[in-house]
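Worksheet: one structure, shown below.
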Amino acid sequence: MSVRYDLAIVGSGAAGISAAINAKLRNKNIIVFGNKDLSAKLVKAPMIDNYLGLPEITGVQLKDKFIKHATDMGVEVTAEKINNIYAMGDYFALMSNDKEYEATAVIVATGIEFSKPLPGELEYLGNGVSYCATCDASFYKGKVVTVIGYNQESVEEANFINEVVEKTYFVPMFKGNVALNKDIEIIQGEPVRIQGTDKANLLILKDREIKTDAVFILKDSVSPEQLVPGLEMDGLHIKVNRKMETNLEGLYAAGDISGKPYQYMKAAGEGQIAALNAVGFIDSK
Ligand code: FAD
């Protein structure tokens, strides 16, 4: 049986880490999902001049300060991607690639993904297009699958898919070592669109096409509607009120994912608001 956490925080940027610290200060049993470097948007910032009390700090320095603060308070980041969050009534079930977690309340602090979906991606999602290897690979036993991989984790996921399917193509969308099983075929190129009839069956790249039974698109983040079925959106953002509550009781959102301006301090402030309201919700149970 899974451990039931008081609070699960999905995302380890300014919003998620601020939420974690505030919930920990209220003695809650929490789990934070994200990555060990916290956020690419922290690490990549050359110079930050508007973080209160910490002028002229680089993103890497601010990330190190966040990590020290969190670690000193006993907050650790679990380096796992959450693929789905389901409201189960009196708790939430959170699914990573190979585990299931339970929490009374959840804060979604996943940041915002600016890259647009490929033409055809949303049209065929669930119909030959998938974002989750462990959820969907078994549907393609004996078939041809193409993975568009945006990170190192996608390499592991492609290796897993390849154990199940007949043939795997891998289109790397990142620089670095691609340690794939040798029977996976690497295709260098820029994906342009996904085509099909009743199901996706063709990935068009700039200079070639791949006939395929499925396209797995494996990125760091998952769109909020895909992550949490039934979540109400406001355009690109999760719809929240001033308490950072969403339309699902016990589920909160904070940071870039809940709206502009996209700024560290706004994200950290919202993480705090979400955590304090989540604590009130947990205590009322
Ligand atoms: P993010 O920082 O985006 O963090 C979200 C985290 O959640 C990421 O680690 C992601 O991997 C993780 N995640 C996403 N989905 C999942 C999932 N399904 N499961 C597990 N983990 C998941 N702002 C300023 O205020 N001042 C600046 O000077 C400034 N400079 C910037 C410079 C650059 C180059 C960039 C790109 C941004 C800059 N920003 C600046 C904006 C700032 O980076 C964002 O507003 C801030 O990072 C938002 O924090 P967040 O916690 O909402 O999300």
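The values are calculated or read from the model by the stated rules, or taken from the named source; none is laboratory data. This one's a predicted model, so the numbers in the text were calculated from it and none came from an experiment. Please note: Cβ atoms are built from the backbone with ideal geometry, for glycine as well, and neighbour counts cover all protein chains shown. Quick note on the areas: whole protein, heavy atoms, side chains included, nothing else; ligands and nucleic acids left out. Shrake-Rupley method; radii C 1.70, N 1.55, O 1.52, S 1.80 Å.
Some notes on this structure:
- Residues that are hydrophobic (A, V, I, L, M, F, W, C), surrounded by fewer than 22 Cβ atoms within 10 Å (Cβ to Cβ) and touching a residue at least 24 places away in the same chain (Cβ under 8 Å) within the stretch 32-55 comprise F33, A40, I48, L52, listed in sequence order.
- Single match in E270, E232 (criterion: within 11 Å of the ligand (Cβ to nearest atom), surrounded by 13 or more Cβ atoms within 10 Å (Cβ to Cβ) and among the acidic types (D, E)): E270
- Odd one out for D64, checked against (1) surrounded by 18 or more Cβ atoms within 10 Å (Cβ to Cβ); (2) among the acidic types (D, E); (3) not in a loop (DSSP other than H, G, I, E, B): (1)
- The C-beta contact set for the stretch 56-84 (first residue free of Cβ contacts under 8 Å to residues at least 12 places away in the same chain, second residue more than 10 Å from the ligand (Cβ to nearest atom) and not aliphatic (A, V, I, L, M), distance under 9 angstrom, 6+ apart or interchain) comprises I57/K65.
- Filter result for A105 (more than 16 Å from the ligand (Cβ to nearest atom) and either open to solvent by 40 Å² or more (accessible area, probe 1.4 Å) or free of Cβ contacts under 8 Å to residues at least 60 places away in the same chain (or both)): no
- Test: residue in the stretch 150-164 that is in a loop (DSSP other than H, G, I, E, B), closer than 23 Å to T110 by Cβ and of a type in the set (A, V, I, L, M, F, W, C): no
- One residue from V178, V144, V165 being modelled with pLDDT under 90, in contact with a strand residue (DSSP E or B) (Cβ under 6 Å, 6 or more places away or on another chain) and open to solvent by 10 Å² or more (accessible area, probe 1.4 Å): V178
- Counted residues, the stretch 1-30 - those being part of a strand (DSSP E or B) and under 11 Å from G74 (Cα atoms): 1
- Inter-residue pairs, beta-carbon under 8 Å, first among the charged types (D, E, K, R) and in the stretch 145-173, second open to solvent by less than 20 Å² (accessible area, probe 1.4 Å), 6+ apart: E153/L218; E157/A133; E157/V147; E157/G149; E157/F216; E157/L218; K167/V145
- Leading residue by the ranking (most open to solvent (accessible area, probe 1.4 Å)) among those in the stretch 184-198 that are farther than 14 Å from I148 by Cβ and at pLDDT 95 or above: Q195
- Against the test of being at positive phi and open to solvent by less than 20 Å² (accessible area, probe 1.4 Å), the options G128, G149 yield a single qualifying residue, G128.
- Note on the stretch 235-257: residues that are within 10 Å of the ligand (Cβ to nearest atom) and either among the basic types (K, R) or open to solvent by less than 20 Å² (accessible area, probe 1.4 Å) (or both) total 4.
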